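Below is one structure, written out as structure tokens; the observations come after it.
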């Protein structure tokens, strides 16, 4: 899940976020710097356990594999394959994130042996019954949002920037998101999602960060809590590998049916 490929104002690429004059410029500069620090990783593979919890705390677990390809000049490509339990085994999800137009997303359903395209109007819906929406699975390109710096804060003992971002995508399920960004590493620590009525809907927190290739931070545990339903989803990552030789062919439409 490269949520990190997060020009608009080219001069901000050359200046410190602290040098920006307005809250909007500073918010954008922070997002641009986070993107810059997480560029150049090429491709990534990893394994995940998805834990779904209902409001009573009952759990169900799924085993997944994820592959991502960094695309210069556009958003990342991601392929997610479900391996267990049997009722979802073989299901595969393919996403082409775009910076300035709606993402292309498809779902392969093995029981029907067909590929279903996720329409632009449905990307706010839940991804495979989880608390992550389809639009959450896409990489968070800088151009997808407008930004505003809110304040500095300390979160879990670390200084963070708090910024607001407003989706440019008109079918987004969110009016805004508030993101806590680590001031030293520029990695996300927490994101709050507000629904179309501007009420707090969900909170995503990032945990157990590890540094890969001496540069790229990845959270090995992600927690998404839905405040309105009481449900939650945990993603546990393991065996993350970079630069494994994936190419665009590994992410074409036929890759959905080849996924095993």
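Every read-out reported here was derived from the displayed coordinates using simple, explicitly stated rules and does not represent laboratory data. These figures come from a predicted structure and were not determined experimentally. Don't worry about glycine lacking a Cβ; one is built from the backbone with ideal geometry, like all the others, and counts go over all protein chains shown.
Points to keep in mind about this one:
- Label-point gap, in nm, between residue 185 and residue 59 - each point 7 angstrom along Cα→Cβ: 2.4 nm
- Label-to-label distance, nm, for residues given as residue 236 and residue 39 (7 Å Cα→Cβ offset): 3.6 nm
- Of interest is the spacing of the C-alpha centroids, which for the stretch 85-119 and the stretch 33-75 amounts to 15 Å.
- Taking a ≥ b ≥ c as the square roots of the eigenvalues of the alpha-carbon gyration tensor, the stretch 25-163 is classed prolate because a/c is 1.5 or more and a/b outweighs b/c.
- Cα gyration tensor, the chain - rounded (a/c under 1.5), prolate or oblate: prolate
- With a Förster radius of 35 Å applied to the beta-carbon distance between residue 155 and residue 213, the computed FRET efficiency rounds to 0.85.
- Estimated FRET transfer efficiency (residue 21, residue 114; beta-carbon r; R0 45 Å; 0.05): 0.30
- Between residue 248 and residue 49, the distance separating the two model label sites (each 7 Å from Cα on the Cα→Cβ line) works out to 3.8 nm.
- Over the chain, DSSP H runs of length four or greater, each weighted -39,500 (n - 2.57), average out per residue to a 222 nm ellipticity of -2500 deg cm²/dmol.
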